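The values are calculated or read from the model by the stated rules, or taken from the named source; none is laboratory data. Just so it is clear, the structure is predicted and the values come from calculations on it, not from any experiment. Cβ placement follows ideal geometry from the backbone for every residue including glycine, while neighbour counts extend to all protein chains displayed.
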Amino acid sequence: MPTRRAITTTALAALIASAVAIALSFVIHWFPVEASTQAKNTDRLYHVLVVASVPIFMLVVTVVLFSVWQFRMRPGEELKDGPPIHGNTRLEVFWTAIPAMILLGLVSYSFVVLHENERKPPGVPEIQIGVTGQQFFWSYEYPSSVTGGAPLKSYQLYLPEGDTVYFNMQSKDVIHAFWIPAFRLQEDVVPGITTHYRATPNRLGTYPVVCNLLCGSGHSLMRSAVHVVPPAQFRAWLTSQERSGSTVATASATPPGGAGAPGAIAGAAAG
Amino acid sequence: MATTVQAPGPARPGSAQSPFGDRRTSLGAKLRAPGFYRAAWMMVLGVAFAFALTWLVRMTTGHTTFHHFIDGEAVLTVALIAAPLMFLVGIGGFDYWFYWAVGRPTRPEDHSGHGAYTWKDYFRINTDHKVIGIQYTVTSFFFLLVGGLIAMLMRAELAQPGAQFIDANTYNSLFSVHASILIFFFIIPVFAGFGNFVIPIMIGAPDMAFPRLNALSYWLLPVGGLIMLSSFLAPGGAFADGWTAYAPLSTDMPVGQVFFSLGVQFAGASSIMTALNFLVTIITMRAPGMSFFRMPLLVWANFATSLLVVIATPFIAASQFFVLLDRSLGFNFFNAGAGGDVLMYQHVFWFYSHPAVYIMMLPGFGIISEIIAVKSRKPIFGYRMMAFSLLAIVVLGFTVWAHHMFTSGMSNWIRYPMAITTCIIAVPTGIKIFSWLATLWRGVLHLDTPMLFTLAFLVTFTIGGISGVALAMLPADIDLSSSYFIVAHIHYVLFGGSLMTIFAGVYYWFPKMTGRMYDERLGKWHFWSTFVFFNLTFMPMHFLGLEGMPRRVATYSTQFADTNLFISIASWLLGLSTLIFLYNMITSWRGGPRAVANPWRGMTLEWQVSSPPPVFNFDRVPTVVGGPYEYGVPGAVHGILGPAPAGAAAGAPPGVRLSRSE
């Protein structure tokens, strides 16, 4: 096959394969539900990454397969050598500069998405919730600014839909990571410092909360759940918790979602 | 060193040097001579020293009752340093330097110990780079099998959600030892094994620059590996905090953690010694005419890797000494309650462990370059850019470490420069992939086993590279960090990348290293089963991570059950495919057809000598007269075995300064 036709054939094959793969990537359901505005932004970034990556992968695969098909040694060519091509400066500059530009473009876009995800959204009320990680369960603290009365400590995480929540996270022992896949957000929970992130839940439901940094023998069972509820229901829940007496002073019940509770995982999964 | 090319020294001394002794020699002589007998009683001495030292220190530091003078963990910690060192002394690793230090006459290296004549010769201190190369490679593959078996156990536990047959703590130990063994005692040293065997021959040298250091660096390897494996015997179980050993989990671990902290020291010392040896060998011992830009790319790759090793490895040594001092002596480096800084551990650890990714990849790049040129019958496309991109990776490799810490709680601003450098480092890697593809183009492809693994590498490593770029994007990493997506990514890089190149390299140099040919049909079966089951095992893990499954868990949410069962089955089949490889290697080494000197018609120097090479590699110092990959150039020669013919060296040798053509 003449060189020019070989190049055209390969490029065409890579193009078609990329188009099919990109189309598929939009059809297949890859991700868990998007339950926060941040999740929507991050998923958009994922789609951009897929669109940018697939053609590069398909190019590599197509060239390999085409070479195997067209340039493999045939019987009688055992002693034949290929043409002594040592390089091509223009081509080498091209495949240095173009990927560099694509990569810098992608990383710039990722900074934009990061900024969107981390800034305080204007015009949305923000509440602060304390998160404490310890081997092997999570507990949450709703300060006076949220409860309107005494601060409330609970092993359950309820969030009002539409409000922005700012987590202040601390660890009592080793490092944990507070991951909410449905929000596409996580941050390590580190002894000695307080870490933070901001989420804006926008979809009602119950979603898994996962410890995502190895923290010891109970790590795989260190699960909890986040309940995103309408604001009125959130207030009602706070009141019921206060009435049932599970405030900071009296809280002593075993964590419902803590270590070893098989229901925690099943319950979280059901969300 | 070049002067050592001469007739072999005095006749081989009797088997007094054999570690198993000789039935005719007295027991006293056996106990005094370097070998396993001397190592055994010296290790006992080491343990006694550990008892004595800790007893003394505890007595003088206010432990009032006699009962408290002996502390199991303290004795074990000191013994884990003293006993292995005494083993190395006993086996003879330090003999020359001790003789020199005390002023006794040293035995100059007469190379009488070169070569291996029976299998027993592989079990003693041997200064021959070819023997050491095989020692390194075979030892590393032993650890591959151990690490692989551990992985199959892990997949058995993960076949279904809930506890199957091991408890969570044992599971945590399994994946920790799996990663530690395969990183520190398989991938890193197996490349040192290839390098040891091939590089001196490739550059036309009779041996490495420091043969005694070379022997010592090898023996550190099984010692360190056995320390790590024996942590399963420790009270409280093996270390169970991953190969990353994040503090303060690692400072709270049972005593098994000490086996990791110290095993890493032995592996690290071994790496540094070998890297120094490679650097000096490559810089000072190249044959006449072997300029840097006539070196094969495997030599370039090991040069670049050795720079990384020498600069980076002390950092992991430091990080593990910090953990050890925290545990044993209450230094509180990482005790937040006492002013310690938990994040500091991660910075020091990753300052080594990110460059370590390139330590585990660059030699593989070198192997791919060798194979792809020979098997495509074409010069490497853009040779100089291939060499420069290696150096670019070395420099950039030190600027990206905190991308492992995007969600660690470190200062927010650090994420931006690290994300940018992480993207930029993909550019030289991309240059290499594209140059290999261009080398394939219009070649005459010999699709045998080494080439199949090479082509598979191009595909699977590209997937690992692309997922790596995706993880450089901050919002993506903030979601996926520590998830199964990471497990998929790292295995596409280290299995789909490094291990594919290792298999390619084993098949490619098998004839040279053993003097036998492997079975091509079995090689192809091994290839196809590895390629298919590798992808079936690790591809679905990407989706598990995206859907929210965390890594390093012994059990998981029921929604992931089907995918995990599928992965487990695929992983067992992947493990079984290794049996084909083992059978092929063992039977071919024992009884395969004799290999000719140059079965692949390669131009680099190792193919110009017999298979296996003679004891001193070359009868006469070779002269290099052209580039290493001048395939298709009429009459081109890379090296000639002997001095250059008059006139040839002065004029432009054929195939060096060719104009670049389309």
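In this structure, B:Trp413 does not satisfy being over 30 Å from A:Gly192 (Cα atoms) and of a type in the set (Phe, Trp, Tyr). Residues that are among the polar types (S, T, N, Q) and in a helix (DSSP H, G or I) within the range B:532-561 comprise B:Asn535, B:Thr537, B:Thr558, B:Gln559, listed in sequence order.
Here is the figure for the range B:503-552: residues that are surrounded by 21 or more Cβ atoms within 10 Å (Cβ to Cβ), within 30 Å of B:Pro613 (Cβ to Cβ), more than 17 Å from the chain's Cα centre (by Cα) and of a type in the set (Val, Ile, Thr) total 1.
Screening B:Ala392 on (1) in a helix (DSSP H, G or I); (2) touching a Lys or Arg at 6+ places or on another chain (Cβ under 6 Å) shows it passes everything except condition (2).
Condition check ((1) at the interface with chain A (Cβ under 8 Å from one of its Cβ atoms); (2) out of contact with any strand residue (DSSP E or B) (no Cβ under 7 Å at 6 or more places or on another chain); (3) closer than 30 Å to A:Asp81 by Cβ; (4) not hydroxyl-bearing (Ser, Thr, Tyr)) across all residues:
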| site | (1), (2), (3), (4) |
| --- | --- |
| B:Tyr352 | no, yes, no, no |
| B:Met360 | no, yes, no, yes |
| B:Ser376 | yes, no, yes, no |
| B:Val394 | no, yes, no, yes |
| B:Cys423 | yes, yes, no, yes |
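Yes or no: B:Thr460 within 27 Å of B:Trp525 (Cα to Cα) and either in contact with a Phe, Trp or Tyr (Cβ under 7 Å, 6 or more places away or on another chain) or more than 7 Å from chain A (Cβ to nearest Cβ) (or both)? Against the criterion (within 27 Å of B:Trp525 (Cα to Cα) and either in contact with a Phe, Trp or Tyr (Cβ under 7 Å, 6 or more places away or on another chain) or more than 7 Å from chain A (Cβ to nearest Cβ) (or both)), B:Thr460 qualifies.
For first residues located in the range B:607-636 and at positive phi, partners that are small (Gly, Ala, Ser) and modelled with pLDDT under 90 and lie 6+ apart or on another chain with Cβ distances below 8 Å form the pairs B:Gly635/B:Gly655. No other residue among A:Arg235, A:Arg203 is in contact with an Asp or Glu (Cβ under 9 Å, 6 or more places away or on another chain) and of a type in the set (Lys, Arg) apart from A:Arg203. Step by step: first the residues of the range B:245-261, then only those that are surrounded by fewer than 23 Cβ atoms within 10 Å (Cβ to Cβ) and more than 8 Å from chain A (Cβ to nearest Cβ), then the one that is farthest from B:Met228 (Cα to Cα). Which residue is that? Filtering the range B:245-261 for residues that are surrounded by fewer than 23 Cβ atoms within 10 Å (Cβ to Cβ) and more than 8 Å from chain A (Cβ to nearest Cβ), the one farthest from B:Met228 (Cα to Cα) comes out as B:Pro254.
Among the residues of the range B:375-392 satisfying the criterion of being of a type in the set (A, V, I, L, M, F, W, C) and crowded, with 23+ Cβ neighbours inside 10 Å, which is farthest from B:Met603 (Cα to Cα)?
Result: B:Leu390.
For the range A:172-221, a residue qualifies if it is assigned to a loop (DSSP other than H, G, I, E, B) and more than 9 Å from chain B (Cβ to nearest Cβ), and the qualifying residues are A:Lys172, A:Thr200, A:Asn202, A:Arg203, A:Leu204. When the range B:329-356 is filtered for residues that are small (Gly, Ala, Ser) and either more than 30 Å from B:Ala275 (Cα to Cα) or surrounded by fewer than 18 Cβ atoms within 10 Å (Cβ to Cβ) (or both), the ones remaining, listed by number, are B:Gly330, B:Ala336, B:Gly337, B:Ala338, B:Gly339, B:Gly340.
Give me the residue from the range B:576-635 that is of a type in the set (Val, Ile, Thr) and not in a loop (DSSP other than H, G, I, E, B) and, out of that set, surrounded by the fewest Cβ atoms within 10 Å (Cβ to Cβ).
Among those that are of a type in the set (Val, Ile, Thr) and not in a loop (DSSP other than H, G, I, E, B), it is B:Ile586.
Scanning the range A:71-111 for residues being within 7 Å of another protein chain (Cβ to nearest Cβ), among the polar types (S, T, N, Q) and within 30 Å of A:Asn41 (Cβ to Cβ) gives a total of 1.
The single condition among (1) modelled with pLDDT of 95 or more; (2) within 14 Å of chain A (Cβ to nearest Cβ) that B:Tyr583 does not satisfy is (2). Assess whether B:Leu174 counts as being aliphatic (A, V, I, L, M), surrounded by 15 or more Cβ atoms within 10 Å (Cβ to Cβ), assigned to a helix (DSSP H, G or I) and within 14 Å of chain A (Cβ to nearest Cβ). Considered against the rule, which asks whether it is aliphatic (A, V, I, L, M), surrounded by 15 or more Cβ atoms within 10 Å (Cβ to Cβ), assigned to a helix (DSSP H, G or I) and within 14 Å of chain A (Cβ to nearest Cβ), B:Leu174 comes out as yes. Checking every residue in the range B:488-502 against the condition of being within 25 Å of the chain's Cα centre (by Cα), surrounded by fewer than 23 Cβ atoms within 10 Å (Cβ to Cβ) and within 14 Å of another protein chain (Cβ to nearest Cβ) gives zero matches. Annotation: A:Asn168 fulfils all but one of (1) outside the structural domain of A:Arg44 (by TED's automatic domain parsing); (2) of a type outside the set (A, V, I, L, M, F, W, C); (3) crowded, with 17+ Cβ neighbours inside 10 Å; the unmet one is (3). Output the residues belonging to the range A:88-122 that are in contact (Cβ under 8 Å) with a residue 60 or more places away in the chain and touching a Ser or Thr at 6+ places or on another chain (Cβ under 8 Å). Across the range A:88-122, the qualifying residues are A:Val113, A:Asn117, A:Lys120, A:Pro121.
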